[in-house]
1. Would you tally the residues in segment 32-48 being more than 8 Å from the ligand (Cβ to nearest atom), touching a residue at least 12 places away in the same chain (Cβ under 8 Å) and either part of a helix (DSSP H, G or I) or among the small types (Gly, Ala, Ser) (or both)?
2. As an exercise: evaluate PRO224 against (1) under 30 Å from LEU147 (Cβ atoms); (2) part of a strand (DSSP E or B); (3) not aromatic (Phe, Trp, Tyr) and give the number of the one condition it does not meet.
3. Please go through (1) surrounded by 12 or more Cβ atoms within 10 Å (Cβ to Cβ); (2) in a helix (DSSP H, G or I) for TRP191 and return the number of the only condition it doesn't satisfy.
4. Does SER205 meet the test of being at negative phi and assigned to a helix (DSSP H, G or I)?
5. Going through ASP94, ASP78, ASP106 one at a time, which residue ends up being more than 13 Å from the ligand (Cβ to nearest atom), touching a residue at least 12 places away in the same chain (Cβ under 8 Å) and charged (D, E, K, R)?
6. Please work out which residue is surrounded by the most Cβ atoms within 10 Å (Cβ to Cβ), limiting yourself to segment 142-181 and to residues that are hydroxyl-bearing (Ser, Thr, Tyr) and farther than 20 Å from ARG200 by Cα.
7. Within segment 81-91, how many residues turn out to be near the ligand (Cβ under 9 Å from one of its atoms) and either among the hydroxyl-bearing types (Ser, Thr, Tyr) or farther than 23 Å from TYR132 by Cβ (or both)?
Amino acid sequence: MTDRTENETKVTSADGRDVDRAWEQLAPDYERARTREDSLDRLVEWPAQREILGDVTGRSILDVGCGNGGKLAELVGDGAVSSAGIDNSGNFIDPESHDLQLINADLNELASMRELTGRTFDRIMFLQSFGYATDPVRTLTTARSMLTDDGFILLTRTQPIRYALERAEKNDTSLGEEYFSDSSYTYRSGWNDQIALTKRTYTISNLLNTFSAAGLWIEATVEPQLSEDTARRYPHKQAWMNRYLGILIFKLRPLPERQTAGAQ
Ligand SMILES: C[S@@+](CC[C@H](N)C(=O)[O-])C[C@H]1O[C@@H](n2cnc3c(N)ncnc32)[C@H](O)[C@@H]1O
């Protein structure tokens with residue numbers, strides 16, 4: 001069932017859950033903004049993500065919440081193989097390689113996706129999409145089970161302090177009150193101010209505890225910043241970063257299976 005208001009689209013699934021379909025409308029605006037010359041994704045985030053991925057030649061990659069698939073297509077162009085992207089906005093580029101499969105599906109169904117049955121991946125990416133997992137520990141645990149032996153997960157999230165500061169500015173409250181508030185947060189993104197996104201708030205400890213609960217350890221964390229040269233060329237972006245900090249990037253590896261009590 002679809003109930004469309006001017007600004008939001010709510011869809012109710014067969015089991016009665018409210019499914020937020022804002023991204024079906026937002027996807028083209030997001031991709032337009034992402035590919036702008038001065039987008040932070042282009043200037044800071046994607047270069048930092050690529051650096052952590054390293055050489056992808058011969059690596060299979062799963063991109064969860066892949067947007068239009070453009071980032072994954074770039075990785076396949078650079079040698080990645082047998083790769084798949086999942087997104088439920090249905091706004092995909094034409095996959096021009098048999099090593100690139102783009103699947104219109106809900107990332108919350110990762111465990112039961114027919115296209116992924118029995119497959120493993122060297123790299124699994126959640127680039128600004130992890131916040132859409134309704135059961136974050138379950139989703140990460142499933143992803144962990146799909147990693148090859150030396151595989152890792154690359155996961156990025158917006159600094160939660162950014163959202164807390166935005167709410168404090170809007171509500172005339174304090175940073176701490178908003179950072180530790182657990183009510184959900186509805187906001188209109190800069191990509192299209194007609195479409196509202198609703199997010200659950202989170203703290204750094206929520207995030208770290210989620211990784212632990214999913215049996216993952218953090219090999220590296222990066223808080224990417226503009227280079228001096230880029231900051232000079234795009235001072236408005238440096239001013240934004242000075243205020244709102246940017247994103248966190250985590251490289252996550254599976255913890256060794258826990259020994260059961262009494263095991264040798
Ligand atoms: C901020 S965009 C990030 C896109 C891409 N990963 C990137 O780095 O450019 C978030 C993406 O998550 C997708 N998404 C949101 N909820 C989803 C869900 N339940 N299942 C699959 N994809 C979802 C959206 O359609 C959108 O493409």
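The values are calculated or read from the model by the stated rules, or taken from the named source; none is laboratory data. All of these numbers come straight from a predicted model, not from anything done at the bench. Positions of Cβ are backbone-derived with ideal geometry, glycine not excepted, and every protein chain shown enters the neighbour counts.
1. 7
2. Tallying (1) under 30 Å from LEU147 (Cβ atoms); (2) part of a strand (DSSP E or B); (3) not aromatic (Phe, Trp, Tyr), PRO224 fails exactly one: (2).
3. (2)
4. On the way: at negative phi: yes; assigned to a helix (DSSP H, G or I): yes.
Spelling it out, SER205 is indeed at negative phi and assigned to a helix (DSSP H, G or I).
5. On the way: ASP94 fails: touching a residue at least 12 places away in the same chain (Cβ under 8 Å); ASP106 fails: more than 13 Å from the ligand (Cβ to nearest atom).
So the residue among ASP94, ASP78, ASP106 that is more than 13 Å from the ligand (Cβ to nearest atom), touching a residue at least 12 places away in the same chain (Cβ under 8 Å) and charged (D, E, K, R) is ASP78.
6. THR142
7. Summing the residues that are near the ligand (Cβ under 9 Å from one of its atoms) and either among the hydroxyl-bearing types (Ser, Thr, Tyr) or farther than 23 Å from TYR132 by Cβ (or both) in segment 81-91 gives 1.
Condition check ((1) over 20 Å from ALA214 (Cβ atoms); (2) at pLDDT 95 or above; (3) not in a helix (DSSP H, G or I)) across all residues:
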position: GLU51; (1), (2), (3): yes, yes, no
position: ILE61; (1), (2), (3): no, yes, yes
position: LEU72; (1), (2), (3): yes, yes, no
position: ASN108; (1), (2), (3): no, yes, no
position: ARG119; (1), (2), (3): no, yes, yes
position: ASP122; (1), (2), (3): no, yes, yes
